[in-house]
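This report refers to the structure that appears directly beneath it.
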Amino acid sequence: MCSNLRSMPDTSHPILHIQEAGAADKFSKKMQQLQHDNSEVLAATTAANTGVSYIDLRRFPIVPEALGMIPEEQARELKVVAFYRDTDSFRLAALDPTDTRVVDLQQELETKFHVKGGMYALSTTSLEKAFALYKAIPKIKEVTRDVSIDEATLAKFREEVQSFDALRAKVQTVNTTDVVALVLASAVNNRASDVHVEAEKEGIAIRLRLDGVLQDVATVDASRWKQIISRIKLISGLKINVTDKPQDGRFTIRIDGVEVDVRVSTIPTVFGESVVMRLLRPMTDKITVESMGFAGKALADLTAAMNKPNGMIITTGPTGSGKTTTLYTMLRQLNTSDVKIITLEDPVEYKLEGIAQSQIDASHDYTFAKGLRSILRQDPDIVMVGEIRDLETAEVAIQAALTGHLMLSTIHTNSAPGAIPRFLSMGVKPFLLAPALSVIMGQRLARKLCEKCKVPAVPDAAQLAQAQELVAAISPKSGVTVDLSKATWMGPKGCDACGNLGFKGRIGIFEVLVMSDAIKDIMGTADVPEHHVLRVAVEEGMVPMITDGIIKASQGVTTIDEVLRVAA
């Protein structure tokens, strides 16, 4: 090619003006430059024809962390390179941006790293420069999403935030990465069930749900919102650039050598987003139905139902009343080597060893009803269904209970007596429901007084009168006797151990309705009002939840105010 150019008479071409010594070498270099420029023109043309942007990596710095998103072998095979990455996005450049393998790779990376990708066209020269960088940084590894919070960092912050005052001060001084770890450390210290991080007009509100009650613990400047929400989304596998849709994710932290799942939910709000992180601590062997607060006839009735080979045990109550914990506690006590236990949940909150746990997936038409039918083909002895929501699930569960299976589940009503009219309103046949049900429980969680600082506190006259009225209504069939004249009434004071709240921990207050003949008789009517079921159940010996709470308050475990707050 060089000889052909030299023979040409056209002296207007700049290359032909090389006359001094070393002209041949300069000529060769100039020819290479021209060829490279032509490849850039070709890349720019490709970009225009394919509707993507053009990038010249000879003049654009390549981010090493981005390069590591694609292994060198795969990059050379597809003639593609990742050259830029930040918390919100990444950029790819390819010789052929329309190659289906390259397009698939972009989608794969978006799914893997939970950020949006962009596509560019580049030249062979730019591509070779990028490939050379793989050699220049021999220790580069594939970048993975940071999904962990260091256990040592959590332990360090737990020592530094022994009080809410310490948290308020510390959260203003640490960097964005440590804000999340700091708040989680405080949540762990105080045994919070949920962490709320909410964007507000004047700042970022951080609240912890302690023993069922939200407590304001800190406020962060609003200017830090984008960094904090990006950090939370990054570790929980959410899309950082999606702010106008709800998202759900999760991550895991280690506390004292134990893994704790953190379930994350975000929803868009006026000033940004609201984030709730639920801490799902592993179930401990120490929890039993007795330690949860079951006692007397209620404990005996529940134990008898658990020891039956078949029948339905139903627990009721609003969200946050401890239904799942009750079911899991029963399952752990029933879990022996000679029985097969299968659960169907939405979602699986706690992982139990020796129990087959299945999670429903509505997107794949794996519902409670269809999942339950499949479970029954697995030859189980005991089945737990997270919730009975519809007639189809109810009918399958009832049939399972009637055919030799012990069935545990929940239904959303406010009390145990309310479950019967709820089942009937679904369309369940009374003559099938009556023999299937063994017991129905109603429950709430009341805060326990802090053992280190509780003090004697006599309720006022109105509360004492109400307590006396409830206790007087207890049926002799219950076997429960209460003498309020000998009660040990206590109240909250507040100390460092309880964060000056006066309460620490929670206890269940329960009612256990046994399917007696009298209850079965009233189920044959077309319309069974809840108050009618309640009256008959109390006559048959059921102690209502609120009365169970008053009894625990009279023993100094909690207060009448707390009982009325959760069960009135």
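Observations on the model:
- Cα-projected label distance for ARG191 with ALA457, points at 7 Å along beta-carbon direction, nm: 1.9 nm
- Radius 15 Å from Cβ of PHE423, net charge of other residues (Lys, Arg +1; Asp, Glu -1): -2
- Partners of LYS493 within straight-line reach, counting aspartates and glutamates whose Cα lies under 12 Å from its Cα and excluding those fewer than 8 residues away in the same chain: GLU451.
- Efficiency of FRET from Cβ geometry, ASN241 and ALA132, R₀ 41 Å, rounded to 0.05: 0.85
- For the pair ASP379 and VAL348 in one chain, pulling the backbone fully straight at 0.36 nm per residue adds 9.1 nm over the alpha carbon distance.
- Candidate values (i) 3, 14, 18, 19, 16, 10, 7, 5, 3, 2, 1, 1, 0; (ii) 3, 15, 23, 21, 14, 10, 7, 5, 2, 0; (iii) 4, 17, 25, 24, 18, 9, 3, 1, 0 were compared with P(r) over Cα pairs in 10 Å bins from 0, in percent computed on the shown model; the agreeing label is (i).
- Integer Hz, Karplus 6.51/-1.76/1.60 couplings in order for the range 419-425, x for Gly and Pro: 5, 5, x, 5, 4, 5, 5
- Computed about its Cα centre, the charge dipole of the range 181-257 is approximately 340 debye, with only Lys, Arg, Asp and Glu carrying charge at their Cβ.
- The range 395-472: GluC sites (Glu not before Pro) falling in loop per DSSP and having at most 16 other Cβ within 10 Å: GLU451
- Cα centroid separation - the range 236-257 against the range 87-129, whole Å: 25 Å
- Computed extension gain for THR176 through ASP483, at 0.36 nm per residue and net of the alpha carbon distance, reaches 104.9 nm.
- Cα-based shape type of the range 328-433, given that a ≥ b ≥ c are square roots of the gyration tensor eigenvalues and the cut on a/c is 1.5: prolate
- For HIS405, the residues whose amide H sits under 5 Å from its own are GLY311, ignoring neighbours fewer than 5 places away on the same chain, with H placed 1.01 Å from N.
- Per-pair calculated FRET efficiency, R0 = 51 Å: GLN399 and VAL258 via Cβ, rounded to 0.05: 0.85
- Of the GluC sites (Glu not before Pro) found in the range 190-278, the ones in coil according to DSSP and having at most 16 other Cβ atoms within 10 Å of their Cβ are GLU200, GLU202.
- Point-to-point label distance, PHE431-LYS308, nm (Cα→Cβ direction, 7 Å offset): 2.0 nm
- Applying both filters, DSSP loop and at most 11 other Cβ atoms within 10 Å, to the trypsin sites (Lys or Arg not before Pro) of the range 220-309 gives LYS286.
- Degrees separating the helix 23-50 axis from the principal Cα axis of the chain, which is the longest one: 40 degrees
- Among the listed pairs LYS297/LYS454; LYS79/LYS129; LYS308/LYS520; LYS454/LYS552; LYS112/LYS156, those beyond 22 Å (Cα-Cα): LYS297/LYS454; LYS112/LYS156
- Summed side-chain charge close to LEU327 - residues other than LEU327 whose Cβ falls under 11 Å, Lys, Arg +1, Asp, Glu -1: -1
- Built amide H within the under 5 Å cut-off of THR558, gap 5+: LEU449, ALA553
- Taking the range 78-112 and a reference point 7 angstrom along Cα→Cβ of LYS226, the backbone N atoms nearer than 20 Å belong to 84-91.
- Pairs from LYS239/LYS351; LYS239/LYS504; LYS340/LYS370 whose Cα-Cα separation, in the structure shown, is over 29 Å: LYS239/LYS504
- Backbone amide hydrogens, once placed in the peptide plane, bring GLY491 within less than 5 Å of VAL455, ALA457, excluding anything fewer than 5 places away on its chain.
- The modelled label-to-label distance between ASP37 and ASN500, using points 7 Å beyond Cα along the C-beta direction, is 7.5 nm.
- Using R0 = 25 Å, the C-beta based FRET efficiency linking GLU110 and SER363 works out to 0.85.
All of the numbers you see were taken from the coordinates with simple rules; none came from a lab. Worth saying up front: this structure is predicted, and the values here are computed from it rather than measured. Neighbour counts are summed over all protein chains in view; Cβ atoms, including those assigned to glycine, are modelled from backbone coordinates with ideal geometry.
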